[in-house]
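In what follows, a structure is listed as structure tokens, so that the remarks can point back to it.
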Amino acid sequence: MRLLSQEELDGLLPAETAAFPGPIPTQSVSSDEFMPAPQTEQQRRVEARIKALGSALGQTHGMTRRQFLATASGMAAAFVVMNEVYGTLYSASLAEAADREMAAERAKSLRDQFIMDCHTHFLRDDTRIMTFVRQRQAVGKAGWNPALADKEQTLEDLKFANYYKEVFLDSDTKVALISGSPSDIPQDWFLTNEMKAEARARVNRDAGARRMLSHAIFTPGQPGWLEAIDRAIADLKPDSFKGYTIGDNTNKQISKYPWRMDDEKVAYKGYEKFLKAGLVNVCVHKGLFPPSIETQFPHLLACSDVRDVGRAAKDWPQLNFIIYHSAYRFAGGGRVEDAWGQFEKTGRIEWVTDLAEIPSKYGVTNVYGDLGQIFAQSTVADPRVCAAMLGQLVRGLGADHVVWGSDAIWTGSPQWQIEALRRLEIPDDMQKKYGFKPLGPADGPLKNAIFGETNARLYKYERRAALAGDRIAAMKTEYERAGAARSNLRYGYIAKAASRR
Ligand SMILES: [Zn+2]
């Protein structure tokens, strides 16, 4: 019942032994959702240059390459190398890479930025997708702590603890929404709706502030799905609902209940209940359906693209439709080269451009684009594709309709993604040719809107001041002060957090 066959699994090396643990991933890494794309020629060059530059700069500070690459200067060095290989897209200088104080100063000046990540995951204890759990644990993890291996039997704590550490301690994320994914096989849900609500309760209770929000998943067409919505609203009080039009995304071969967002007889009955409960944000998974997957499951195409979004948005102006992954087609087993080829030939990228055109085509203002996977996969593999898609989404949906989601922790701590967006700019020639507006400074109005302001507005998130004085803030300060000894202390902090349950 796995998406990957045994043969495909055998072809994958465990990422923790094979992947180079640099500050940013230099290879696409698989989640449970897809086969990783092979490392491109450019990614190979990036990796080789990061290693060389990391060794050279590390030496000047009396540090090993690995130690150096875990510092703020190491992060800057990675983006300097990205610019060498792809052209100047990231704000990063060799001076910042060489001068540890300068890099630390910059990181400090941005650490209080309000980042609200409305697309995060961890996996349940009894998941059957263990291969991917092991892979995920290693992804993008500069400073993997081998001592944690001893705790691998207590998978639930390890998984939750790891999520907690990577999101709240290793990154500048202030607030996270825990999401999930359904399946026609109950055990294959990433987390049940109850588990998501429990995680939210546990984190917020431990922190003493509202650090976590939670999805409940709705499954139109499945037996009892409307009653399940009623129960979730009454018992779990989700912050919003999320649905998968593709039905069962994990086990596509058995997906029995795909649905359309504009189906008056089915989906609209759910929207009615959301609206009545005051839950106006409707999140929908779209995209991650490259041509290779379409060949296997042609009947699921109509539920993976965005042809059903416009009418639903028009019929339900009181609801906000937040399209996850911004419907980017080429993640989940696709190739970023195909996205770039499409863009060069036609100026379009499936189905991001289609999504961006919905407001003008349908005269609606209630369609939003989430950046989960679309940002991670494109910024690592070809930042020009990333810049083009951000340009189109901002132009078409509006600067206040593009929202931060990292799909962490599939690709490790979201910090490298946060740094990538802070530093990314659309190249001048692309701005001129396509009429894209610049993204602006790391903490300028546009990036602040994407990182957190718009999500805060959508979810009416208030009492931000409480975040500065809660237990997570205190823990993070202590964690950072521990500095070089950090990796040895990680487990201790996590155990403390876990034992308070
Ligand atoms: Zn996701």
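Between Glu337 and Ser360, the FRET efficiency estimated from the beta carbon spacing at R0 = 35 angstrom works out to 0.75. Return the distance in nm (one decimal) between the two label points of a simple spin-label model at Glu480 and Asp443, each offset 7 Å from Cα along Cα→Cβ. Taking the simple label geometry, Glu480 and Asp443 are separated by 1.1 nm. The stretch between Lys265 and Lys108, if pulled fully straight at 0.36 nm per residue, gains 51.3 nm over its current Cα-Cα span.
Residues Cys118, Cys303 in ascending order of nearby Cβ atoms (within 10 Å, fewest first): Cys303, Cys118. Per-residue extension of 0.36 nm, minus the Cα-Cα distance of Leu275 and Gln42, leaves a gain of 79.1 nm for this segment.
Overall dimensions of the stretch 116-465, expressed as equivalent-ellipsoid semi-axes from the Cα gyration tensor (√(5λ), whole Å, largest first), are 28, 25, 21. Counting neighbouring beta carbons within 10 Å and listing from fewest to most, the residues Val80, Val306 come out as Val80, Val306.
With label points built 7 Å along Cα→Cβ from the Cα atoms of Asp235 and Lys460, find their separation and express it in nm. Those two pseudo-labels are separated by 2.5 nm.
Quick one: go through the stretch 258-278 and flag any residue whose amide nitrogen is under 13 Å from the point 7 Å out along the Cα-to-Cβ line of Leu226. It comes to 264-274, nothing else. As a proxy for reagent exposure, ranking Ile217, Ile233 by other Cβ atoms within 10 Å from fewest up yields Ile233, Ile217. Placing +1 on the Cβ of every Lys and Arg and -1 on the Cβ of every Asp and Glu, with nothing else charged, gives the stretch 116-465 a dipole about its Cα centre of roughly 540 debye. Here the extension length gained between His299 and Gln431 equals 43.8 nm, from 0.36 nm per residue of separation less the Cα-Cα distance. Rounded to whole numbers, the Karplus 3J(HN,Hα) couplings from phi for the stretch 426-442 are 6, x, 3, 5, 6, 4, 5, 5, 10, x, 7, 7, x, 7, x, x, 3 Hz, using 6.51 cos²θ - 1.76 cosθ + 1.60 with θ = phi - 60°, and x at Gly and Pro.
No value in this document is a laboratory result; all are computed from the given coordinates. Since the model is a prediction, treat every value here as computed from it, not as a measurement. Glycine also receives a Cβ, built like all others from the backbone with ideal geometry; neighbour counts cover every protein chain displayed.
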